[in-house]
Amino acid sequence: MPSTPLNIAVVGLGFMGVTHLKAWRNVPAARLHAVVDADARRLTGDLSSVGGNMGATGEKFDFSDVRGYQSLDEALKDPEIHAVDLCLPTDQHVPAATAALRAGKHVLTEKPISLDVPAAEALIREAENNGRILMAAHVLRFFPAYEKLAESLSAGSPVRSAFFRRRCAAPVWSPWLRDPSRSGGGVLDLLIHDADFCISLWGMPESVRARGYTDLPRGIDLIHADLIYPGLGPVMITGGWHHPNSYPFSMEFTVSSDAATFEWSSASADFREHGQDGEARSIPLSDHDAFTAELAYFADCVTANVQPERCPPAQSAQAVALMRQMLESRDKNGTIVTEP
């Protein structure tokens with residue numbers, strides 16, 4: 001078992017790497033031991049030019065007590081690294097995670113866990129064979145509004161309708177995202193958050209029907225997907241990329257059960273419950289940072305040597321499967337696709 005604090009290596013110092021670096025600062029059970037990036041300039045801690053949804057991050061870090069490596073292979077030879085946090089392009093998740101697990105490291109990998117289901121399943125077997133913790137960073141499960149929604153639905157009142165939307169501009173700061181062979185495309189990369197959250201609530205749907213439009217060279221990738229669950233009302237996931245650069249990011253949900261309708265939007269951050277009694281209530285939310293909560297949970301799992309029940313890799317693989325079904329149905333102009 002690793003000692004406390006847990007020694008972490010953040011691999012990939014792009015936008016998500018910067019996001020995770022800021023969050024690791026607030027995880028007492030872990031310390032930043034190493035950073036890995038092919039760009040030697042980033043290893044100095046000056047990440048001010050790293051791009052993101054709102055332009056350059058402007059972030060600078062003190063790496064004076066942090067080891068810097070320009071390759072993952074080099075970092076994996078460091079015996080003091082207990083776990084790696086992979087913030088790499090999606091097509092690198094599986095090979096990097098596999099190498100880390102075989103080197104005896106625990107692995108947190110950015111979502112999606114892989115680009116296809118067989119690769120995800122092989123990675124899960126690799127973690128099991130090497131006796132290591134593997135977790136995909138599906139941070140939505142740790143967002144206060146989504147935690148509150150899951151809690152509100154846990155009483156079991158029948159769900160009659162659920163609507164999840166997530167939208168943003170096509171990113172111009174990471175060209176690899178526009179290459180579907182590397183990212184899976186905008187719909188997969190973005191809406192897998194909502195697919196995973198639906199799986200956390202209700203498991204895999206019986207079938208999927210979706211329509212939409214994609215023109216990645218122009219920065220457009222859209223979908224409207226109906227997840228068909230026996231015993232539930234319609235469950236809709238919608239959104240995607242809406243032209244490059246300027247379109248603002250937003251996410252929201254509206255879920256109606258027999259007990260109440262629950263509604264939240266990133267635009268207002270107000271979680272509303274509209275009850276059967278005709279009253280509208282504003283429900284207080286935790287003020288914790290979702291990324292910090294996610295990383296702290298992973299660190300706790302590694303320290304206690306327990307599998308991540310809040311974010312199990314088997315469900316991360318299912319999220320990839322669900323997204324592939326949604327895209328297949330869209331490609332077939334709304335043909336119903338059934339789970340294999």
message = Can you pull out every residue in segment 189-204 that is open to solvent by 20 Å² or more (accessible area, probe 1.4 Å) and part of a helix (DSSP H, G or I)?
response = Asp189, His193, Ser200, Leu201, Trp202
request  = Within segment 248-269, track down each residue that is within 30 Å of Val172 (Cα to Cα) and either at pLDDT below 95 or of a type in the set (A, V, I, L, M, F, W, C) (or both).
outcome  = Pro248, Phe249, Met251, Phe253, Trp264, Ala267, Ser268, Ala269
query = From the residues in segment 270-280 that are part of a loop (DSSP other than H, G, I, E, B) and open to solvent by 60 Å² or more (accessible area, probe 1.4 Å), which one is farthest from Cys168 (Cα to Cα)?
reply = Asp277
key: Only listed residue being within 29 Å of Arg25 (Cβ to Cβ), in contact (Cβ under 8 Å) with a residue 24 or more places away in the chain and of a type in the set (D, E, K, R), chosen from Glu294, Glu273   = Glu294
task = State the number of residues belonging to segment 237-250 that are touching a Cys at 6+ places or on another chain (Cβ under 9 Å), open to solvent by less than 30 Å² (accessible area, probe 1.4 Å) and under 20 Å from Arg211 (Cα atoms).
result = 4
request  = Read through the list (1) among the acidic types (Asp, Glu); (2) crowded, with 18+ Cβ neighbours inside 10 Å; (3) under 18 Å from Cys198 (Cβ atoms), then give the number of the only condition that Glu328 fails.
outcome  = (2)
query = If you check Ile283 against the conditions, is it open to solvent by 20 Å² or more (accessible area, probe 1.4 Å), of a type in the set (Val, Ile, Thr), touching a Pro at 6+ places or on another chain (Cβ under 8 Å) and more than 29 Å from Leu134 (Cα to Cα)?
reply = no
request  = Check Val107, Val139, Val159 and return the single one that is under 15 Å from the mean Cα position of the chain (by Cα), more than 21 Å from Gly51 (Cα to Cα) and of a type outside the set (Asp, Glu).
outcome  = Val107
ask   = Restricting attention to segment 209-219, and to residues there that are in contact with a helix residue (DSSP H, G or I) (Cβ under 9 Å, 6 or more places away or on another chain) and open to solvent by 10 Å² or more (accessible area, probe 1.4 Å), which single residue is farthest from Met251 (Cα to Cα)?
value = Pro217
task = Find the residue count for segment 285-303, including only residues that are out of contact with any strand residue (DSSP E or B) (no Cβ under 9 Å at 6 or more places or on another chain) and β-branched (Val, Ile, Thr).
result = 1
query = What number of residues within segment 143-181 are among the basic types (Lys, Arg) and modelled with pLDDT under 95?
reply = 1
inquiry  = If I go through segment 236-260 residue by residue, how many of them are in a loop (DSSP other than H, G, I, E, B) and within 29 Å of Ser152 (Cα to Cα)?
reply    = 4
Matching entry among Arg272, Arg324, Arg310 (being within 20 Å of Thr109 (Cβ to Cβ), among the basic types (Lys, Arg) and touching a Phe, Trp or Tyr at 6+ places or on another chain (Cβ under 8 Å)) = Arg310
key: Restricting segment 219-234 to residues that are without any contact (Cβ under 8 Å) to a residue 40 or more places away in the chain and either part of a strand (DSSP E or B) or of a type in the set (Lys, Arg) (or both), the residue that is farthest from Met326 (Cα to Cα)   = Leu222
remark   = Lys60 meets each of (1) within 27 Å of Arg178 (Cβ to Cβ); (2) open to solvent by 20 Å² or more (accessible area, probe 1.4 Å); (3) at pLDDT below 95; (4) not small (Gly, Ala, Ser) with one exception, condition (1)
Filtered residues of segment 17-48 (kept if aliphatic (A, V, I, L, M), within 24 Å of Gly104 (Cβ to Cβ) and either open to solvent by less than 10 Å² (accessible area, probe 1.4 Å) or not in a loop (DSSP other than H, G, I, E, B) (or both)) = Leu21, Val27, Ala30, Leu32, Ala34, Val35, Val36, Leu43
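The values are calculated or read from the model by the stated rules, or taken from the named source; none is laboratory data. Predicted model, so just to flag it, every value in this text is computed and none were measured. Don't worry about glycine lacking a Cβ; one is built from the backbone with ideal geometry, like all the others, and counts go over all protein chains shown. Each accessible area value is taken on the protein alone, full model and side chains, heavy atoms only, with ligands, DNA and RNA left out. Shrake-Rupley method; radii C 1.70, N 1.55, O 1.52, S 1.80 Å.
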